[in-house]
Structures are given as C-alpha cells and as structure tokens.
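First the structure, in the form of structure tokens, and then the observations on it.
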Amino acid sequence: MEALLCRKIGDPTVPLSEASPIFISTSYPIPVLDSSTAVRVRVKSTSLNYANYLQIVGKYQEKPPLPFIPGSDYSGVVEAVGNEVSKLKIGDRVCSFAALGSFAEYIVADEKELFLVPDGCDLVAAGALLVAFGTSHVALVHRAGLSSGQVLLVLGAAGGVGLSAVQIGKVCGATVIAVARGAEKVQFLKSLGIDHVVDISKGNIFGSVKEFLKARKLKGVDVLYDPVGGNLTKESLKLLNWGANILVIGFASGEVPVIPANIALVKNWTIHGLYWGSYKIHQPGLLKDSVKELLSWLAKGLISINVFHTYGLSEGTQMFRGTICGR
Ligand SMILES: NC(=O)c1ccc[n+]([C@@H]2O[C@H](COP(=O)([O-])OP(=O)(O)OC[C@H]3O[C@@H](n4cnc5c(N)ncnc54)[C@H](OP(=O)(O)O)[C@@H]3O)[C@@H](O)[C@H]2O)c1
C-alpha cells in the first residue's frame, strides 16, 4: 500500500529526497487484522494537525520510535473485519483517531475505537472532525461547562482547534469573541456569525474587546480558550471575569505562558490543562459520548468542517508546506 513515513526527525517541508525526513512508500505492507475484534479501514481522508508536524520535528510530548507513519484522525470505509466483530460490517463508513498511522491507504483499529459516520455527513469532513472538534468539545462542554449567555474568548480562532471552538461556542449559545491575524481570516470568521472578531495584526486585543463588551453591556470574559500562549495569553487575562475558566490547549506561538497564581486566587479562576488524546486512556466513555454528539451536530449542520485544501499522499511535502508554512 501507499504510506507516508517519517524515517528521521527533521523538517517535513523540505522537498522529498534521499535525505528528507519524510518519504512516500508505495510498497508498505497492508496492516493485518491483529485480533478477532480488529477492523481494517480503507482510509478516505485524514487531516494534518499541528501535532503531526510537531511529532516529525521531534517536539511533541509523545516520541514514537523511527520509522513511523504519522497521522491521527481519519475516516474511511470498512474493508475487512475480525471474526468477532459485531457492530460493523464491510462497507460501513467510519471515522476514528489513532496515535499514529493514518497517513496510509489502510489502517487497523479495534471495533470499539471506530464511530459510524451518520448519513448526511460528508466522509471527507468526518476525517477532520475528531482532533480539532473533539478537543474543543471536551474543553468547552465538559471542562468549562460553557453555557448560554456566557462570554467565550477564543485565541488562534482561524486555526484548526480555534475554528472548532468558535463554532461549538455558538452551538452552546455563548457570546463568542474570536482573535485572528489578518483581514482575510477576520472576514472569514465574521462570515460564520461570530459576535466579535479582533484582528491583532492591527492592534492589541484589550481595547477592541473592552469596547465590544461595553457596547453589549457585558462585564468580561467567562471562558478563555487558549491554543496560542505567549503574550496573547497575558493580554487576555486582563479581560477575565471573577470565576472565569481558562482552557490551556496549546502553544502555537512557541511560548508557554505564565498564569500568576496570586491573581487566579483573588479572581477565583479555574485553570484547566487539557490533553484530549489522553481521554482515550483515562475517560474513554466521555470521549465516545463527545464524538457521538459532534457527529450528530455535523449531520444536523450545526457545525461545519472547513477544508481549505486537499492533497494526495504523494504530495506529502506540499501538504506540510501549504498548511504549516502557508499560515
Ligand atoms: N491539548 C490538546 O489536546 C490539543 C489538541 C489539538 C491541538 N492542540 C494544540 O493547539 C495548538 C493549535 O493547534 P492547531 O491544530 O489549531 O494549529 P493551527 O491550525 O496551526 O492554528 C494555530 C493558530 O494559532 C495562531 N497563532 C500562532 N502563533 C501566534 C501568535 N504568536 N500570535 C497569535 N496567534 C498565533 C495562528 O494564527 P494565524 O492563523 O494568523 O497564523 C493559527 O490560527 C497547537 O499547539 C496544538 O499542539 C492541543
């Protein structure tokens, strides 16, 4: 089968050659069913998440032995089933999330890890649902308990997880403030019906958000969703209400922020560190319910996946260049 492999740690955006960290194999062995409840899926689509890139450059928290096939969330069609598989059959449309291995033509998973993609859901869209929307759903709904009427501030709102957070915020009935860089991204976010969008390439976040809150007779921000970190976090803390929830999602700016414990104490803030992938081990039931709810929202059109570009596996370096460097 065709698969994209990482053979050494390095920059996946450099053109393919004998020396590049990633390469395309056209004769990689098709994975075998490794248990009676295993299912082999012919991958239809898989998404490129920031973590996939971090893994290849060696900066992710989990460091797999080399060589490895990167890739986490995916969708596809069931192609073979073990003899004790009871809930799935050949031809079913499914989606899932793996620690590794979805940048390939086939992947094997246990049937309990696979979700049926409901009628009405685009299979390509379902391949980009789990990591981004799953993270934001667990963070906003289960951890912060975001409710109607609350104010949600989303940093990095034009990125993968940010874009999912603003949509989930609207489904929950929150007033959503999005932060992005550049007119095009701001325009796009406005087209989604976000209540207020701040373009930080034009100035700082504080003045713009304060003005919006005043106009809406709102006091401050109840939930901060932060996949960016750095100075942006520091500025955002000045906007938080008493009792606010802070969701620490990631550090796309490259800087891990400091949240002063003395201010957290005085303002009764709750700071949540969230690593979505670890729910698979620690709270698999919650993760399952969360994904099922997201699939039903996708089928009803309450959320939508914004696919900016699609690539074939053989376009590996263009894919990394277009998404990671193209931002
Ligand atoms: N905790 C978890 O379980 C979990 C799950 C998924 C992702 N994450 C983490 O979340 C982060 C974002 O992931 P992603 O997939 O959404 O990445 P992404 O699609 O690349 O989005 C990152 C966003 O951050 C913005 N950004 C980067 N540097 C910035 C800066 N200095 N100032 C302001 N904005 C900045 C980018 O803005 P522009 O669009 O203007 O470039 C972009 O919109 C990563 O650190 C990732 O590892 C964590």
- Note on the structure: A correct Stokes-Einstein calculation for the stretch 240-327, using the alpha-carbon Kirkwood radius, 25 °C and 0.890 mPa s, returns a whole-number D in µm² s⁻¹ of 143
- Rounded to the nearest 5, what is the percent of antiparallel bridges among the DSSP beta bridges in the chain? 55
- Message: Suppose the chain between residue 256 and residue 19 were pulled fully straight at 0.36 nm per residue; how much longer would it get relative to their current alpha carbon spacing?
- Response: 82.1 nm
- Message: Report the rotationally averaged projected area of the stretch 43-154 based on its alpha-carbon convex hull, in square nanometres.
- Response: 9.3
- Taking N as the number of residues in the chain, what value does Rg over Cα atoms divided by 2.2 N^0.38 Å take? 1.03
- Just rank 135, 175, fewest to most, by other beta-carbon atoms within 10 angstrom. 175, 135
- Task: Using just the helices of the chain, give the 222 nm mean residue ellipticity in deg cm²/dmol: DSSP H runs with n ≥ 4 each add -39,500 (n - 2.57), and the total is spread over all residues, rounded to 500.
- Result: -7500 deg cm²/dmol
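Using a 10 Å cut-off around each Cβ, can you sort 97, 188, 251, 133 from fewest to most neighbouring Cβ atoms?
Placing the least packed residue first, the sequence is 251, 188, 97, 133.
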- Item | Using θ = phi - 60° and Karplus 6.51 cos²θ - 1.76 cosθ + 1.60, couplings along the stretch 7-18 (whole Hz; Gly, Pro as x) | 9, 7, 6, x, 7, x, 8, 6, x, 4, 7, 4
- Item | Two-site FRET efficiency, residue 112 against residue 89, from Cβ-Cβ distance with R₀ of 22 Å, rounded to 0.05 | 0.90
- Task: Taking the Cβ of each residue in 30, 56, 200, 90 as the centre, tally the other Cβ atoms inside 10 Å and list the residues starting with the fewest.
- Result: 90, 30, 200, 56
- Message: For Cα pairs less than 8 Å apart in space and 6+ apart in sequence, what is the mean separation divided by the residue count of the stretch 3-118, i.e. the relative contact order in percent?
- Response: 31
- Debye log10 I(q)/I(0) at q = 0.17, 0.20 Å⁻¹ for the stretch 1-94, Cα point scatterers: -0.85, -1.03
- Note on the structure: Per residue, the convex hull enclosing the alpha carbons of the stretch 43-91 has a volume in Å³ of 122
- Message: What are the equivalent ellipsoid semi-axes of the stretch 162-294, built from the alpha-carbon gyration tensor (square roots of five times its eigenvalues), in whole angstrom, biggest first?
- Response: 24, 20, 15
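For each pair in 170/288; 59/292; 190/288; 170/217; 267/300, compute the distance between the two Cα atoms and list the pairs where it is over 29 Å. Working shown, then result.
On the way: 170/288 22 Å; 59/292 31 Å; 190/288 31 Å; 170/217 19 Å; 267/300 39 Å.
Violating the 29 Å Cα-Cα cut-off are 59/292; 190/288; 267/300.
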- Rounded to the nearest 0.05, FRET efficiency between residue 278 and residue 57 (Cβ-Cβ, R0 25 Å) equals 0.70
- The relative contact order of the stretch 196-327, taking Cα pairs under 8 Å that sit 6 or more residues apart, comes to a percentage of 16
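Bear in mind that the values in this text are calculations on the coordinates, not laboratory data. Every value quoted in this text rests on a predicted model; they were computed, and no experiment measured them. Cβ coordinates were reconstructed from backbone atoms using ideal geometry, including for glycine residues, and neighbour counts include every protein chain displayed.
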